[in-house]
Amino acid sequence: MSTYLLVHGAWHSGQCWERVVPLLASAGHRVAAPTLTGYGDTVHLLSPEVGLDTHVEDVVTLITEQDLTEVILVGHSYAGLVISSAANRIPDRIAHLVYLDAMVPEDGETAVDVLSVAQAQIDRALKSDSGWRIPPLPELPPPTGLFGVTDPADVAWLRTMLSDQPVRCLQQPVRLDNPAVSTIPRTHIHCVVGKPEGVTRRPVPAIQPNGTPARVWELATGHDCMITTPADLTELLLRLG
């Protein structure tokens, strides 16, 4: 039995993994898909003080309080930053890092360093009435849709779990200064359909930080693959368990 910890991206909640969790569990694995502070059922905690460090603490606290070990830590999109810093804090508890169509940072980088279009989101938020809220991205024509989701029923369901993103999440830097974190194996899963204009992905270095060849898998679907192709995503994740 493996332990999978699935961390959602910006604007989403843990509910987005609803179609993946039972598939992993039915294969005999332990699965957790928490909602980070400020989203979903914790939206009442959304504030200007919520940032990347808050979400890293969410993940570290869950792992330590539940005494989880050998964790396959999956971060979707923005959560690539979250799982990186979380693994830096508790590398001895992490068996594998999975960057699921995710930001992949270096030490000291912010979201803007990884994805330059994030600066425009920050600028708009700072000039808005709130001064700190970033609303979800708009729905675009297929194949981009709403975070890569184009089926009308799925789009309607996805809308129920979206909320604003605090600007501080994009401003706080990732910490990867613990040498032990570089020994953790990594897998990158790229969703290759319907990328929004201006969004570019960093090339994955041929060699991982632990010295082994990079492992990069692709899914022929949009960004929110846990909604659009949960079975295909689960099949890939089970290869790691």
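The values are calculated or read from the model by the stated rules, or taken from the named source; none is laboratory data. Since the structure is predicted, the reported quantities are computational estimates derived from the model, not experimental observations. Methodologically, a virtual Cβ is constructed for each residue, glycine included, from the backbone with ideal geometry; neighbour enumeration extends over all protein chains shown. Note: accessible area is taken over every heavy atom of the protein model, side chains too, but ligands, DNA and RNA are not part of it. Shrake-Rupley method; radii C 1.70, N 1.55, O 1.52, S 1.80 Å.
What the table below lists for this structure:
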{"read-out": "Qualifying positions in segment 184-208 - over 18 Å from the mean Cα position of the chain (by Cα) and modelled with pLDDT of 95 or more", "value": "PRO205, ALA206, ILE207, GLN208"}
{"read-out": "Extreme residue, surrounded by the most Cβ atoms within 10 Å (Cβ to Cβ), among residues of segment 133-163 that are farther than 19 Å from PRO196 by Cα and touching a Ser or Thr at 6+ places or on another chain (Cβ under 8 Å)", "value": "MET161"}
{"read-out": "Top-ranked residue of segment 15-32 - restricted to ones that are surrounded by fewer than 23 Cβ atoms within 10 Å (Cβ to Cβ) and touching a Pro at 6+ places or on another chain (Cβ under 8 Å), ranked as nearest to CYS225 (Cα to Cα)", "value": "ARG19"}
{"read-out": "Single condition PRO196 does not satisfy, out of (1) in contact (Cβ under 8 Å) with a residue 40 or more places away in the chain; (2) crowded, with 16+ Cβ neighbours inside 10 Å", "value": "(2)"}
{"read-out": "Tally, over segment 41-59, of residues that are under 25 Å from LEU237 (Cβ atoms) and open to solvent by 30 Å² or more (accessible area, probe 1.4 Å)", "value": "3"}
{"read-out": "Any hit, segment 135-144, residues being within 29 Å of VAL71 (Cβ to Cβ) and at pLDDT 95 or above", "value": "yes"}
{"read-out": "Residue that is surrounded by 24 or more Cβ atoms within 10 Å (Cβ to Cβ), within 13 Å of HIS76 (Cα to Cα), in contact with a helix residue (DSSP H, G or I) (Cβ under 7 Å, 6 or more places away or on another chain) and of a type outside the set (Gly, Ala, Ser), where the choices are HIS12, HIS8", "value": "HIS8"}
{"read-out": "The one condition in (1) open to solvent by 10 Å² or more (accessible area, probe 1.4 Å); (2) more than 25 Å from HIS223 (Cβ to Cβ) that LEU62 fails to fulfil", "value": "(2)"}
{"read-out": "Residue, farthest from THR110 (Cα to Cα), within segment 46-70, restricted to residues that are aliphatic (A, V, I, L, M) and touching a Ser or Thr at 6+ places or on another chain (Cβ under 9 Å)", "value": "LEU68"}
{"read-out": "Segment 215-239, residues that are in contact with a Ser or Thr (Cβ under 8 Å, 6 or more places away or on another chain), touching a residue at least 60 places away in the same chain (Cβ under 8 Å) and open to solvent by 30 Å² or more (accessible area, probe 1.4 Å)", "value": "HIS223, THR228"}
{"read-out": "Residues within segment 68-88 that are open to solvent by 10 Å² or more (accessible area, probe 1.4 Å) and farther than 12 Å from VAL56 by Cβ, tallied", "value": "3"}
{"read-out": "Tally, over segment 100-110, of residues that are touching a residue at least 60 places away in the same chain (Cβ under 8 Å) and surrounded by 24 or more Cβ atoms within 10 Å (Cβ to Cβ)", "value": "3"}
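A quick yes/no check of all residues on (1) under 13 Å from the mean Cα position of the chain (by Cα); (2) of a type in the set (Ser, Thr, Tyr); (3) within 25 Å of VAL192 (Cβ to Cβ):
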position	(1), (2), (3)
ALA10	yes, no, yes
CYS16	yes, no, yes
THR42	no, yes, no
VAL59	yes, no, no
ALA79	yes, no, yes
SER85	yes, yes, no
ASP101	yes, no, yes
